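Since the structure comes first, as structure tokens, the remarks are kept for the end.
The values are calculated or read from the model by the stated rules, or taken from the named source; none is laboratory data. The structure displayed is predicted, hence computed values, not measured ones. Ideal geometry is used to build each Cβ from the backbone, glycine not excepted, and the neighbour counts take in all protein chains shown. Areas reflect the complete protein model, heavy atoms only, side chains present, ligands, DNA and RNA absent. Shrake-Rupley method; radii C 1.70, N 1.55, O 1.52, S 1.80 Å.
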Amino acid sequence: MGRKPGVDTKKIEGILLVLAGAPEGLWLRRLAREAKLSTTTVTKYISGPLQPLVDTVNLGDEKPFLRVVRLKTAVFQKLQEGQSIGDILRVFELIEK
């Protein structure tokens with residue numbers, strides 16, 4: 001029995017919770033370490049389903065040596081209003097489509 005296809009909502013929630021605790025952003029490896037996930041997994045989620053929710057800054061010219069990830073300000077506002085992470089994901093998925 002392998003893993004189920006698609007994204008894992010527990011991993012997404014873990015990444016978002018770590019980012020919610022760091023409004024200034026975190027570098028990718030530290031984000032992965034604090035979310036207890038591999039850097040490859042975090043990179044795939046940041047580049048995929050979480051892309052509309054986060055801002056990324058690459059430091060370095062051709063090949064970035066540091067990638068800083070933080071939540072967009074709209075996401076912070078929604079969290080402060082008391083919306084759940086699932087609701088925020090649904091809203092941003094609709095906007096993206």
Selected residue [closer than 16 Å to V7 by Cα and open to solvent by 80 Å² or more (accessible area, probe 1.4 Å)] from R90, R33:
R90
Hits in the stretch 54-63 (condition: open to solvent by 60 Å² or more (accessible area, probe 1.4 Å) and hydrophobic (A, V, I, L, M, F, W, C))
V57, L59
Being open to solvent by less than 100 Å² (accessible area, probe 1.4 Å), modelled with pLDDT under 90 and touching a Gly at 6+ places or on another chain (Cβ under 9 Å): is that true of L66 here?
yes
